[in-house]
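Contents: one structure, followed by commentary.
Throughout, read-outs are computed from the coordinates displayed, never taken from laboratory work. These numbers were taken from a predicted model, which means no experiment stands behind them. Counting neighbours? That spans all protein chains shown, and the Cβs are built from the backbone with ideal geometry, glycine included.
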Amino acid sequence: MAAVTTGDDRSGYDLTRETWRSILTGMDFDRQWKRILHDGVYEGARGKSLQVEIQSGNLTTVLDKKPFPTDAATLNSMEIVYQVSNSVYDGRFANNGWLQELPDPVTKLTWDNAVVMSHRTAQELGVKNEDLVTLQHQGRTLRLPVWILPGQADYSVAVELGYGRDAVGRIGNGVGANLYAIRRSTAPGFDIGASIRPTGETYPLACTQDHHGLDVEKLARESIRDRLPIIIREATLEEYRENGEFVHEIVESPPKVSMWKEIKYDERPQWGMTIDLNVCTGCNACTIACQSENNIPVVGKEEVRLGREMHWMRLDRYYSGDPDDPEMVHQPISCQQCEMAPCEQVCPVAATTHTEDGLNGMTYNRCIGTRYCANNCPYKVRRFNFYNYAKGWPEIVQMARNPDVTVRFRGVMEKCTYCVQRIALAKIAAKKENREIRDGEVVSACQQTCPTDAIVFGDILDPNSKIFKVKQQNRKYELLEELNIRPRTSFLAKLRNPNPALSKRQNPKD
Amino acid sequence: MSSTRTDSKLFGLLVEFETPAALLKAAEKVRDAGYKKFDCHSPFPIHGMDQAMGMKRSNLGYLIAIFTIIGAAAGLGLQYWVHSIEYPHIISGKPLFAWQAYIVVMFAMFVLFGAGAAVFGMLHINRLPRLHHPVFFSDRFSKVTTDGFFISLEAADPQFDLQKTEAFLREIGGAYIERLEEK
Amino acid sequence: MSKIVEMTGDTKPVAIPEKQPLILGNQTFKSVTDKISGIVEGKTPKEWYLAFAVAFFGLLLLLGSIGFLVWDGVGIWGLNNPVGWGWAIVNFVFWVGIGHAGTLISAILFLFRQKWRTSINRFAEAMTIFAVICALLFPGIHIGRIWLLYYFFPVPNQMGVWPNFRSPLLWDFFAVGTYFTVSLLFWYTGMIPDLATFRDRAKTRIRKIIFGIMSLGWRGGNRQWQHYELAYLVLAGLSTPLVLSVHSVVSTDFATSLVPGWHSTIFPPYFVSGAIFSGFAMVMTLAIIARRFYGLEHFITHQHLDKMAKVMLLTGSIVGYSYATEFFIAWYSGSEYESFTFINRAFGPYAWAYWIMITCNVVVPQFFWSGKLRNNIAFLFVASILVNVGMWFERFVIVVTSLSRDYLPSSWDYYSPTLWDIMTFIGSFGLFFTFFLLFLRFLPMISMSEIKGILPQANPHHKDSHE
């Protein structure tokens, strides 16, 4: 086009370099050019940081006018809150299968958006999860399914933007409903005056947690309430200051003795991990990092709906307290690499065995798929290839796969192995240089990506390693340790530090 | 089939009796007369017949016992060899020689070898399968699996004398006597 | 022995005298042979063809389902992440359990000198073999990569790898494999004299050759009987611990795991009694059909059915007791996970399955206390079918409810079967009945030599004994 209009027939590459020549004014243009191509970023373009200051006086003035009256929303004139999707953002990533299948951190929905509302709102509308409703706002209507969320404000519905695109590509086309069609440019964040009418139809949603109405079944709800303090150990800062050892007093279990002579893992390195629940925000980055690193397939909505999502790293979300005003916690779970792994002894073909450095290893080409290991895994972190999910990957996707990791065929079990391929690379490098692996040399994909450094990984026998030190903390506990399976992954208990004025947890017994 | 072909050789005599009781009594008499190479055929095993025929106890039991022990040892040996020598792996943090877990397979092998020895040992001692036998030349003998009770007395017995033995069998109550030939 | 004359009418005996003859109708050795061989030698009844057509259709259904399974993957079943074992394993345990009655009747009752077993042992053993074939099918096809099934076998291979003998699945392979082999040997050994009967009665050359080969040249000589009887006794002796071990081993698939609801030490006896319970129910169902259809009322008498009902009453009560014990221990353990599993079974999303199980397995057998009902053929028939329904649901409850809600609530999910699950299950009945109908048609369904052995005139001291 440029050649036709301007007569300039230089290639695009040359033109780009021409432009950059004026920006990169340093000594060696080619060197700098290669550098920024390699890094993918030009340091010189970094924005300048500004000093900002909040003038609280103005804020008070605005708030005093009560811009958000609490009783403004009613059943017939509901508040509608637009959010960009946690997965596909404003829709620009709608054709990305990884992101479409990434569960929403709160609703745990994949492959769809829904109109999210509170229990009370749903009750008054006479709708339940997966009921298709007509959302009416400003004379425009949109049909989308209902999802009930504990803690959502009554008469306020939340909807995610970024779905319902119809010309984005083979993955994203027609996924979900397009909320841009209903949103007014004058009220892009939230608005009032929406109404909802049930259609009597249902629409299947693919959710990765709380299947089949767990949140309404009393029996299950009570049991979750009882076991939650064991699974996710948390305290307020006050409580922690009073009793630093609280995590170890939650579970009473008989002495954990084996009936046989246990194998000692005393040869370095011995790999281990900690996940700090205190800093985990539930952002899902680890899930995607893991998916990318380990060639984990996308299985599609139907399969997720059947409960067959493949994520090796998942984020469990639990509510606690009052269902209408709950607290929420996230817990990242992947294979805990138990030293006495229950999955190993049940495999009839020894496809999952322990390595000498303490990994719960998988021999994919030995696996015949009895699924016994998955049944016997108390964390349910094992993932089974029910079909040949790698079938039909476009060539470009195939080329994007990690060459260090096997692509698993159907009928094979798979799971996290602490990024064993990265460990192997570090081992080889260390061996070549005739030294031991340095602390921090092996970084697992989830650890690398975690924005809050919640994940620490390393050799637990190295007294100078970070993991060794972190594991000394008294907040450390192992999930389901009472089963005497000795997980290598530990969690650090969550501490909350609520503002006493706002705290609902005045009485911790509640 | 009781033909009179000249090239045929006498195998022995086949005598029929009416009832199990008659057979049992006859067997005692044949035994007392000192015959060794004879057999009593019946559609079902008759209680007390072993004694009546003067037979020793079956030694099949020893064979089975030996095989059960071989089976169990092979089971244990296989598991020890696989897990401790040939293919050692750390599995669930348990010792390589996890004998508790090996008992089931040992027991299965014990039973399998024992059962195999019982059946195939029995067939071997009974010289079976043998689809061809002189007694089958007798049409009458086909009753043996329904309601026929027979004694077959072999000519190879040192006491055997065609005339005398025939007379003896008739004397002890043989209702029907037939000469059996080989081929 | 009492006189047999008055006992020939077969509808009235309520109070069963101590020494009532087991075989009715003044049978002679010849009449026994004629009756039982006649079934095989006569013309094929039209009803048989009809039944065979239905069974064979079921078999085709099974083959079709397996074909698609191999083609597409186990994803065609309703399995999901927490519930890795569904109907396939339920069916496996169900069929293995059915098989147990055959061995129990042929081996344990033999050792206990329970002569009433002779009328039913042959087809109970046949039932065992066919049920175990159905059972072995399921672990074979339920694995993800069926074509690599041979990885199970401890055979030297080019990869130099070996199976893991610590796995209960490998124990299963050995236990059920041995069970099948031994049952087959036992069945065949028992059949040799009867096959010789067929050989000797054969009218056509082809039958002569086939049964001639199959009977291995059996001559009925006492020198053969001696070793034969010992071999049979030893087989019974070996089969007895084997049959008790097989379902115990199957139960270790569950008991050695750490899944709440599976991890339980009472599983072996509980499974074994459940297996005998369901197996006897199946024998009862089949016996009632066969005696009616082939007119075997003199051979499989009310007395036999009554005794089987009593065995079912006993084992059914053990099963009911086990349910109660499980509940008690779950509560007594103080473990949140354990107690929830059991409450969830009874009142959770699978409560419907649980209460079907309780009704069929605990309530129905209690009716067998009534002698009147034990003699009511129609009731026995319905009850025996209900018991098997219940026992299938027992395995469903154990396998599915435990897996669907275990330790971490985040992974909980509900399992529902697909059409393929259902078709495969129905198809396995097709396989079973195809084999069973072929057996009824071509092989002696009642052991003639053993029946003759328990007739009064078989006793050499019969005539002159103290009467």
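Across peptide A:362-370, the mean count of Cβ atoms from other chains lying within 10 Å of each residue's own Cβ comes to 5.
Look at A:Cys207, A:Cys286 and count the other Cβ atoms within 10 Å of each Cβ; fewest to most, that gives A:Cys207, A:Cys286.
Membrane-span-like helices in chain C, defined purely by DSSP H runs whose alpha carbon atoms cover 30 Å or more axially and whose average Kyte-Doolittle hydropathy reaches 0.5, are C:46-72, C:121-142, C:168-201, C:267-293, C:419-442.
Residue pairs exceeding 29 angstrom between C-alpha atoms, taken from A:Lys391/A:Lys415; C:Lys30/C:Lys115; A:Lys65/A:Lys494; B:Lys25/C:Lys30: A:Lys65/A:Lys494. Across peptide C:247-256, the average count of Cβ atoms from other chains found within 10 Å of a residue's Cβ is 2.
Placing R0 at 22 angstrom, the Cβ-Cβ distance between A:Leu15 and A:Asn402 gives a FRET efficiency of 0.05 after rounding to 0.05.
The alpha-carbon atoms of chain B, seen along their principal axes, cover 80, 36, 31 angstrom, with the largest extent given first. The trypsin sites (Lys or Arg not before Pro) found in region B:20-65 that occupy coil by DSSP, while having at most 12 further C-beta atoms within 10 Å, are B:Lys56, B:Arg57.
Highest average first, the peptides C:364-377, C:389-402 ordered by how many other beta carbon atoms sit within 10 Å of their residues are C:389-402, C:364-377.
Across q = 0.14, 0.18, 0.22 Å⁻¹, region B:84-175 modelled as identical point scatterers on its alpha-carbon atoms has Debye log10 I(q)/I(0) values of -0.78, -1.03, -1.17, in the order of the q list. Counting only other chains, and only Cβ atoms inside 10 Å, what mean value do you get across the residues of C:176-186? Per residue, the average neighbour count from other chains is 4. About its Cα centre, the dipole of region A:218-496 is roughly 1020 debye, where the only charges are +1 on Lys and Arg Cβ and -1 on Asp and Glu Cβ.
With distances taken between every two different alpha-carbon atoms, the protein assembly as shown has a Kirkwood hydrodynamic radius of 35.1 Å. Kirkwood hydrodynamic radius computed over region A:218-496 comes to 20.1 Å, based on all pairs of distinct alpha carbons.
At q = 0.18 Å⁻¹ the log10 of I(q)/I(0) for region A:78-207 amounts to -0.93, computed by Debye summation with a single uniform scatterer per C-alpha, solvent ignored. Residue exposure proxy: A:Arg314, A:Arg92, ordered by other Cβ atoms within 10 angstrom of their Cβ from fewest to most, comes out as A:Arg92, A:Arg314. Against the empirical 2.2 N^0.38 Å (N residues), region C:43-456 has a Cα radius of gyration ratio of 1.01. Averaging 1/r over every pair of different alpha carbons in region A:26-82 and inverting the result gives a Kirkwood radius of 17.3 Å. For the peptides C:222-233, A:217-228, the ranking by packing is C:222-233, A:217-228, with the highest mean count of neighbouring Cβ atoms within 10 Å listed first.
Across region C:240-329, Cα-Cα distances exceeding 18 Å account for 54% of all pairs.
With R₀ set to 60 Å, the beta-carbon distance separating C:Ile377 from A:Glu252 gives a calculated FRET efficiency near 0.60. Here A:His248, B:His83 are placed in order of increasing Cβ neighbour count within 10 Å, fewest first, which gives A:His248, B:His83.
Listed cross-link partners B:Lys143/C:Lys203; A:Lys256/A:Lys471; B:Lys143/C:Lys35 are compared with a 18 Å cut-off, the Cα-Cα value being larger for A:Lys256/A:Lys471.
With all projection directions averaged, the alpha carbon convex hull of chain A covers 32.9 nm².
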